[in-house]
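Nothing in this text is a laboratory measurement; each read-out follows from the coordinates by a stated rule. Fair warning: this is a prediction, and the values are worked out from it, not measured in the lab. When we count neighbours, we look across all protein chains shown, and the Cβ atoms used for this are built from the backbone with ideal geometry, even at glycine.
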Amino acid sequence: MKQKTIARALIGAGGIAAAGIIALFFVYLPLLAGQLRETYPEYAGLYWPGLLDMWAIGALFLLGLWEYFRVCVRIGQERSFCRENAESLRRIALYMALSGVLWLGAIFVPPMFFHVSVGPFWIELALCAMAAEALGILAWGLGKLLERAVSLQEENDLTV
């Protein structure tokens, strides 16, 4: 029963994160981008590339949350230490690494192709890139630890 309670709490936290991601990437940022396009018409060329980049990042976050939910369900099924969870953590790490690259693209692509600067926003974009990469490294490390735990559990099951 304890595992189901933990799984429910984790799923609830993931639901809150999903709502925040959807609100930020698919509601707030498009509205903000539209306002910025009207306020700064000289940067109108960045509207669609920037919006597509942000949507791609949001989609990667949602894919990572999908894998997170799959892990939570397995935890609720008393399958915390399984190869599927290790694989899900590996995929989460990949999604976060890709999102970090897209955040960096938001810093470096506008000056290269549109001859504009992202201004002081580069600091926030760099912090977002670092946070995404840190989450990816954390998920990768946890996946490696889980693979090792699964191997030890399988070895112990064979000796019993």
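Considering region 3-68 at the alpha-carbon level, its Rg and Dmax are found to be 15.8, 55 Å. Karplus-derived 3J(HN,Hα) values for region 5-16, using 6.51 cos²θ - 1.76 cosθ + 1.60 with θ = phi - 60°, are 5, 4, 4, 5, 5, 5, 5, x, 5, x, x, 5 Hz; glycine and proline are entered as x.
Pick out which of A126, A106, A19 has the largest mean-square fluctuation in a Gaussian network model of the chain, springs linking Cα atoms closer than 10 Å. For the chain, modelled as a Gaussian network with Cα springs under 10 Å, the answer is A19. This model, with +1 at the C-beta of Lys and Arg and -1 at the C-beta of Asp and Glu, gives region 2-159 a dipole about its Cα centre of some 440 debye.
Quick check: the angle from helix 47-76's long axis to the longest principal axis of the chain, C-alpha only, nearest 10 degrees? It works out to around 10 degrees.
In the chain, the inverse of the mean reciprocal separation of distinct Cα atoms equals 17.6 Å; this is its Kirkwood hydrodynamic radius. Compute the angle between helix 83-109 and the longest alpha-carbon principal axis of the chain, please, reported from 0 to 90 degrees and rounded to the nearest 10. Once rounded, the angle reads 10 degrees. Per residue, the chain reaches -28500 deg cm²/dmol at 222 nm when only DSSP H runs of four or more residues are counted, each adding -39500 (n - 2.57). Between the listed residues W140, S80, A13, the Cα displaced farthest toward the positive end of the dipole of the chain, a dipole computed from Cβ unit charges relative to the Cα centre, is found at S80.
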